[in-house]
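J.: Provided herewith is a single structure, encoded as structure tokens, for subsequent inquiry.
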Amino acid sequence: MGIFDRLSQLLRSNINDLISRAEDPEKMLTQILADMRSQLAKAKQQVASAIADEKRLRDQADAEYKQAEDWERRAMLAVQENRDDLAKQALVRQGEHAANAQQLEQTWEAHRLETEKLKNSLRDLNDKIEEAKRKKNLLVARQRRAQAQKRIAETMSSLSEKSAFEAFSRMEERIETNERQLKAATEIDEEFSGDTLQREFKQLERGSNAVGVDQRLLALKQKMGMLPAGGSAPAKQLGAGDDETVSAEIEDATDDEKHAH
């Protein structure tokens, strides 16, 4: 099983566990992204180790090639010095290093191909994490929008109930009662407190209003013929006894004048 196969299996296991016990989608998605980033960091370390191994194999193969070239030059030097025996030994060494170099070359080539695959897988994993991050933001926005719509629906449902409107009516009635009580208290304060001079003038105004009513009553009685023109109610209401006394006094004065003549 490769590095990324193990990572994928681990991620699937973690994600399935999170989904099975998820209560908050936003927290779940955030945790999944955190796990993916953690696995990405581990994958980077492993890919870096694979790249280091590849470079070591390349260096070892190059070193064997160099050794083969060196022994070939030595064999040529031995031939120039008519030392075929040394030339043969040098060629044997040259062959050994060349064989090792070829074997290391093959191993390096295979390792290089695997390393390239790991690099591509690492890039794919990084791209998937970035895509998951974008999807997470979209999903979180959709989740929040759904929650907001749910709260609005619940609020509208509660407002549509009769009890909610009754509560508003009771509150309105209470406010109106408080307003009436406040007006009454204000009138009492104005009546029994404040400027004394202003209250006295108000009493005078009420008295003058009463006099005006009496005058209108006399005018009405005169209009109805109940009072002589220019007469006044108090004079009319002195009583019949007073009129008789005056008439008697006039008759006595007349009799005295007759006797004198």
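The values are calculated or read from the model by the stated rules, or taken from the named source; none is laboratory data. Quantities reported herein were computed from a predicted structural model and do not represent experimental measurements. In this analysis, Cβ positions are derived from the backbone assuming ideal geometry, glycine residues included, and neighbour counts consider all displayed protein chains.
J.: Given the structure, is GLU114 surrounded by fewer than 16 Cβ atoms within 10 Å (Cβ to Cβ) and in contact (Cβ under 8 Å) with a residue 12 or more places away in the chain?
T.: On the way: surrounded by fewer than 16 Cβ atoms within 10 Å (Cβ to Cβ): yes; in contact (Cβ under 8 Å) with a residue 12 or more places away in the chain: yes.
So GLU114 fits the description; yes.
The rows are residues; the columns are (1) under 18 Å from the mean Cα position of the chain (by Cα); (2) at pLDDT below 80; (3) assigned to a helix (DSSP H, G or I); (4) surrounded by 10 or more Cβ atoms within 10 Å (Cβ to Cβ).
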residue	(1), (2), (3), (4)
ASN137	yes, no, yes, yes
ARG145	yes, no, yes, yes
THR155	yes, yes, yes, yes
PHE165	no, yes, yes, yes
GLU173	no, no, yes, yes
THR177	no, no, yes, yes
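J.: Which residues, counting only those in segment 19-41, are at pLDDT below 80 and of a type in the set (S, T, N, Q)?
T.: Once the filter is applied, which keeps residues that are at pLDDT below 80 and of a type in the set (S, T, N, Q), segment 19-41 yields only SER20.
J.: Yes or no: LEU182 part of a helix (DSSP H, G or I), at pLDDT 75 or above, in contact with a Leu (Cβ under 8 Å, 6 or more places away or on another chain) and not charged (D, E, K, R)? Working first, answer last.
T.: Working: part of a helix (DSSP H, G or I): yes; at pLDDT 75 or above: yes; in contact with a Leu (Cβ under 8 Å, 6 or more places away or on another chain): no; not charged (D, E, K, R): yes.
Here the answer is no, as LEU182 does not meet what is asked.
J.: Another question about this same structure. Among the residues that make up segment 71-90, is at least one of them under 17 Å from GLU109 (Cβ atoms), small (Gly, Ala, Ser) and free of Cβ contacts under 8 Å to residues at least 60 places away in the same chain?
T.: The first filter runs over segment 71-90 and keeps only residues under 17 Å from GLU109 (Cβ atoms), leaving none.
No, because not a single residue in segment 71-90 is under 17 Å from GLU109 (Cβ atoms), small (Gly, Ala, Ser) and free of Cβ contacts under 8 Å to residues at least 60 places away in the same chain.
J.: Looking at segment 19-68, which of the residues that are closer than 30 Å to LEU104 by Cβ and either outside the structural domain of ASN100 (by TED's automatic domain parsing) or of a type in the set (Asp, Glu) (or both) is surrounded by the fewest Cβ atoms within 10 Å (Cβ to Cβ)? Write out each step before concluding.
T.: Kept after step one, since they are closer than 30 Å to LEU104 by Cβ, are these residues of segment 19-68: 42-68.
Those left that are additionally either outside the structural domain of ASN100 (by TED's automatic domain parsing) or of a type in the set (Asp, Glu) (or both): 53-54, 59, 62, 64.
On the way: ASP53: 15, GLU54: 21, ASP59: 12, ASP62: 14, GLU64: 20.
If we take residues in segment 19-68 being closer than 30 Å to LEU104 by Cβ and either outside the structural domain of ASN100 (by TED's automatic domain parsing) or of a type in the set (Asp, Glu) (or both), then ASP59 is surrounded by the fewest Cβ atoms within 10 Å (Cβ to Cβ).
J.: What pairs come out if I take residues in segment 24-42 that are over 12 Å from LYS135 (Cβ atoms) and pair them with residues that are modelled with pLDDT of 80 or more and of a type in the set (S, T, N, Q) whose C-beta lies under 8 Å away, six or more apart or interchain?
T.: So the pair list comes out as LEU40/ASN126.
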